[in-house]
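Following: one structure in structure tokens, then a few remarks.
The values are calculated or read from the model by the stated rules, or taken from the named source; none is laboratory data. The model shown is predicted, which means the values in this text are computed figures rather than measured ones. When we count neighbours, we look across all protein chains shown, and the Cβ atoms used for this are built from the backbone with ideal geometry, even at glycine. Keep in mind that these areas ignore ligands, DNA and RNA; they rest on the heavy atoms of the full protein, side chains included. Shrake-Rupley method; radii C 1.70, N 1.55, O 1.52, S 1.80 Å.
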Amino acid sequence: MPNVVVIGAGVVGLTSAYELLQAGHEVTVLAKQIPTDFQFATNYTSPFAGAQWASFAQAGDYDAQQLDMIGFYKFMQLAKTPETGVWNQEYVYYVTERQYKHVGSKVEWPWFLNMPGLNYKKFDKSQVPQGLGLEYGFSCDGVVISTTLYMVWLLNENLKTGRFKIQRKSITDLREAINLHHNGKADIIINATGLLARDLVTPEEAAKIHSVRGTTLLVESNAGKQYTVKDHIPEFPGEYLYAMSRQEGGTVIGGCFEYDAEDKTTIDPAQKQRYLERVKKYVPHLLNFKGELDIVREQVGFRPGRVGGPRIELDQKWTHDNGVALIHNYGHEGSGFLASWGSSARVLNATNDFLGFKSKL
């Protein structure tokens, strides 16, 4: 079977490796950081993710919807196996009066409420919690992924095949990966490097890649459900409240989408206070008896965004120039977990297409 090198051990890289292993390939993963590390750099974002299934795809973006939809049903299946770190949790979503007015007093339901099996319930203004400035909302079935448990499970599933190796390796040129497969020379390389792809692709492509800062608090208490409160805050337009419980205990609270702010590697006290105030208002049962949050860890990560959405394709020019297939799989921004299974299915398809074309030659 072909030798495949996957560069990157985030959720996209390890899921790509999983799909390729299931197809019988020999896979080596090269990565600067791996899921079993105790400390993570901010550009290794998978361990920091909130990782609820709540698609960011827009109403008319059917390509992104398809990627996310595949992930939803896969995660619902994985939730039946406790050791995956995936578990079912009711999803509750509210829109504030400010957000409602900001979009022209229109009710905007997310596209995924039309998916089969969500068991959703819509709430009008009379049905949402009163006195909190909420306009409408909904609840539906959902899943939350405990990121560290899930990433280790994914790593172990790959190791079980006996055709998988992981190597701690930083590279500065994609061509280095050609001779780093555990069986010798690689036939196919998968570029799943996330934000680090900026240093490995052409300058024209690198200009499309950008970071999106996210910050979260891991607290001791349990939310019981997963909550999102979509609000329009003029002073902090990228901030809103989400809270989701972890299978291993505790709740992740966020969050923000802040573009090109890689110099901000810690949560400043003012932002942390804003998170606290939102928790007090919307999910006060997360507070301790003193009315405070018992914070376990403050987390900052940089999501790998890309103008035009994820790049999942065979790089024709690089493949032609180097005689080894290069398939890209990066640029998922805040949808790395959501789109990981759909993206990896496309990587497998691109791999099969390349091998079929090569065999004809």
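May I have the convex hull volume per residue, in Å³, for the Cα set of the chain? The partial results should precede the final answer.
Working: hull volume 51.5 nm³, N = 361.
That works out to 143 Å³ per residue.
For the chain, a crude dipole built from +1 on the beta carbon of Lys and Arg and -1 on the beta carbon of Asp and Glu, taken about the Cα centre, is about 400 debye to the nearest 20.
At q = 0.11, 0.22 Å⁻¹, what log₁₀ I(q)/I(0) does a Debye calculation on the Cα points of segment 25-112 give, no solvent, two decimals? Debye curve over Cα of segment 25-112, log10 I(q)/I(0) at q = 0.11, 0.22 Å⁻¹: -0.53, -1.23.
Taking all protein chains into account, the per residue accessible area for segment 51-126 stands at 56 Å² (1.4 Å probe). Each Cα pair under 8 Å and six or more residues apart adds its separation to the average, and for the chain the resulting relative contact order is 25 percent. Size check on segment 1-155: the Cα extents along the three principal axes, sorted descending, read 58, 33, 30 Å.
Given 20 °C and 1.002 mPa s, compute D for segment 244-361 with the Stokes-Einstein relation, Rh being the Kirkwood radius over Cα pairs; round to the nearest whole µm²/s.
Rounded, D is 118 µm²/s.
Within segment 92-235, the proportion of C-alpha pairs whose separation exceeds 25 Å stands at 58%.
Packing-wise, with mean Cβ within 10 Å as the measure, how do 324-334, 60-70 rank, highest first?
Top to bottom by mean Cβ count within 10 Å: 324-334, 60-70.
Treating r as the C-beta distance of Asp61 and Ile295 and R0 as 25 Å, the FRET efficiency rounds to 0.10. Hey, any idea what % of segment 122-226's accessible area is carbon plus sulfur with a 1.4 Å probe? The value for segment 122-226 is 49 percent carbon and sulfur by accessible area. Only lysines eight or more places from Lys169 in sequence, or on another chain, were considered; those with a Cα closer than 21 Å are Lys32, Lys185. At a 1.4 Å probe radius, carbon and sulfur cover how many percent of the accessible area of segment 1-105? In segment 1-105, the share of accessible area belonging to carbon and sulfur is 52 percent.
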